[in-house]
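For reference, the structure is listed below as structure tokens.
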Amino acid sequence: MTGPQASTLPLPRYLLPDNHQVSQGRLSIGGCDLLELAESFGTPLFVYDEEHLRSRCREAVDAFGAGVAYAAKAFLCVAMARLVHSEGMCLDVSTGGELHVALAAGVPGDRLVLHGNNKSMGELRRAMEAGVGRIVVDSFDELDRLDALHAETGARPRVLLRFTPGVEAHTHTYLLTGTDDSKFGFTVSTGAAAAAMDRARSSDSVEVAGVHCHIGSQVFEASSFARAAAVIAAAAEPFGVDEISIGGGLGVPYADGESAPTIAQWGEAVLGAFGAAGVTARVMAEPGRAIAASAAVTLYTVGTVKTIEGVRTYVAVDGGMSDNPRPVLYGSGYEAFLPRAVDSQRDRVVTVVGKHCESGDTLVRDAAVPSDIAVGDILATPVTGAYGHSMGSNYNKILRPAVVFAAGGEARVVVRRETYDDLLACELP
């Protein structure tokens, strides 16, 4: 074997969904055997542990109260929106499309929070028609649009002003949103945040409920949120607001050796920091990845095993960057394993690649797998419940995978696999 050395250890169980079981080496999730699911529904396939999702929703409500919102961008479909709503969470939607799905799922408008740094007049109008609970205002131009809509309709939505706290979280540059150099929000250090608050509070077009901030995504250190809380508390204090949202961004472990705070620990850090600052406003949050990521695995079928002596072995699967673009976008690391042999030693290092016409179409660059991996095997990557399906594409006209929720030994398809005819649905003759 050349290149990086395999750990030889089995996949760490903490990377798997809560309700997993191993019987005679084979993995089940939610009481459903993964190899049987692959045979029944095909691959690639997203398999979610439904009770895992529900457990994280309950943990979030326990930590932050009924105002906590699920960040729908992490993973959204009608079934997910209904699940989150049924567990007492609000939904954070950031586009007209996400708003449409949430409403189609039967989520009441007042349980929705509308985000977006460049909301269109159409998106704002639809949100106001639906009676969304909060609009997170991101710019002075958006305040102009809300003025125009008030003149047109007389509606006066409740809003949070998004403050940019100038806090640099420990995460990938592309995932930073809380630094001064950001496309999001009103910068605290430049005085823009105070100016926006003065304007909004004196306006007849909106009702100011409070402030919002978000420092970034995949943040592993609770201290980053505590620093942001201190800055936002100080910035909001002169205005006596009723609500403060810390946003989301709590990280999750994707690979062996990584760790992150739980939702409960995150809540303790955030609420403790606000409490220490003397904040009496209601504190809210918007977890997304922390709800969905570790609830799912993605199943693939191995189609090619190509060994280049002295270089590496490529294992090509029937998906790739179209169902998980995070490794290409951010260099994100994942583990890989064989559901037929979960506890086997992973004593061979391979590079798991997709089937796209791109040399960079890599899912796991140095994946430890059992040495007997072969064409036809079902290979899985864990912790793929967030930003896989939601960021997926039809690049190379690849069909988007199906999504299955598993619970109590039953599996139900909540998003069907696309067909070739679906690729033509928007084409005109």
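The values are calculated or read from the model by the stated rules, or taken from the named source; none is laboratory data. Keep in mind that what you see is a predicted model, and the values were worked out from it rather than measured. Ideal geometry is used to build each Cβ from the backbone, glycine not excepted, and the neighbour counts take in all protein chains shown.
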Exercise. Considering each of GLY376, GLY333 in turn, give the residue that is more than 21 Å from LEU53 (Cβ to Cβ) and modelled with pLDDT under 95.
Key: GLY333
Quiz item: If we keep just the residues of the stretch 56-81 that are within 26 Å of VAL137 (Cα to Cα) and free of Cβ contacts under 8 Å to residues at least 60 places away in the same chain, which is surrounded by the most Cβ atoms within 10 Å (Cβ to Cβ)?
Solution: ALA81
Practice problem: Mind counting the residues in the stretch 29-55 that are part of a strand (DSSP E or B) and surrounded by 21 or more Cβ atoms within 10 Å (Cβ to Cβ)? | Solution: 7
Quiz item: Exactly one of (1) surrounded by fewer than 18 Cβ atoms within 10 Å (Cβ to Cβ); (2) under 17 Å from the mean Cα position of the chain (by Cα); (3) part of a strand (DSSP E or B) is unmet by VAL328. Its number?
Solution: (3)
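Filter the stretch 121-147 for residues that are in a loop (DSSP other than H, G, I, E, B) and either aliphatic (A, V, I, L, M) or at negative phi (or both) and give the result.
VAL132, GLY133, ASP138, SER139
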Quiz item: In the stretch 148-166, which residues are buried (at least 19 other Cβ atoms within 10 Å of the Cβ) and in a loop (DSSP other than H, G, I, E, B)?
Solution: PRO157, PRO165, GLY166
Quiz prompt | Failed condition for CYS77, given (1) outside the structural domain of THR419 (by TED's automatic domain parsing); (2) more than 22 Å from ASP343 (Cβ to Cβ); (3) over 18 Å from the mean Cα position of the chain (by Cα) | solution = (3)
Quiz item: When the stretch 104-124 is examined, which residues are found to be surrounded by fewer than 18 Cβ atoms within 10 Å (Cβ to Cβ) and free of Cβ contacts under 8 Å to residues at least 60 places away in the same chain?
Solution: ALA104, GLY106, PRO108, GLY109, ASP110, ASN118, SER120, MET121, GLY122
